[in-house]
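Read through the structure below, which is laid out as structure tokens, and then see the notes.
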Amino acid sequence: MLIPHDTRIALDTVVDLVNTAPEAGGATDRLAGVEALYDFVRDHNISGVRELGARDLRALLDVRDRFTEVFATADPRAAAALINRLVAGAGTTPQLTDHDGYDWHVHYFAPGASVADHLAADCGMALAFMVVAGEQERLRRCEAPDCGHAFVDLSRNRSRRYCSSRTCGNRLHVAAYRARRKEAGG
């Protein structure tokens with residue numbers, strides 16, 4: 001599946017945003033305050049963001065909840081309805097741009113948009129592209145029993161089951177191997 005760099009960045013950002021919620025396998029909300037919001041914006045190089053406050057945090061947590069719903073539904077019509085509301089509510093204004101060392105790409109947020117509208121527009125459109133391409137099934141949750149992180153399965157054959165092969169996947173494969181060895185008497 002060919003995904004342009006801006007769409008890939010937006011997909012990575014939406015996954016990271018969804019995974020800040022405690023129900024994504026963490027014990028605490030990783031967006032529990034304005035300082036954490038600043039960290040998220042900095043860590044994801046979200047451009048055009050000004051001062052952030054409690055209102056921005058509340059709005060982004062609401063967007064995160066809507067994105068979480070998209071990952072929870074298997075129905076493309078339901079996902080489309082959720083995405084359409086997010087993108088429309090963000091006041092989408094597509095514009096071509098080339099900044100910060102990136103080639104030409106499209107920003108869907110309006111100039112001066114809040115961080116919540118910025119991510120609702122750009123990340124919402126990235127999710128919309130997955131639905132349009134018939135690839136919504138690639139929006140998944142980790143199958144490890146104690147995890148639940150969101151991820152986008154970009155494997156060629158849509159076979160990825162864990163958020164990370166280095167952590168969840170490896171841990172479960174090692175546990176299965178040890179169980180087989182124990183059962184075999186070795």
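Before moving on, here are some points about what is shown:
The rows are residues; the columns are (1) touching a His at 6+ places or on another chain (Cβ under 7 Å); (2) in contact (Cβ under 8 Å) with a residue 24 or more places away in the chain; (3) not aliphatic (A, V, I, L, M).
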site	(1), (2), (3)
T20	no, yes, yes
E23	no, yes, yes
A27	no, no, no
R30	no, no, yes
G33	no, yes, yes
N45	no, yes, yes
A54	no, no, no
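- Just one of the listed residues (A54, A81) is within 30 Å of C142 (Cα to Cα) and either surrounded by fewer than 16 Cβ atoms within 10 Å (Cβ to Cβ) or in contact with a strand residue (DSSP E or B) (Cβ under 8 Å, 6 or more places away or on another chain) (or both), and it is A81.
FYI, it's all coordinate maths here, none of it is from the lab. Bear in mind the structure is a predicted one, so any value in this text is a computation, not a measurement. Neighbour counts are summed over all protein chains in view; Cβ atoms, including those assigned to glycine, are modelled from backbone coordinates with ideal geometry.
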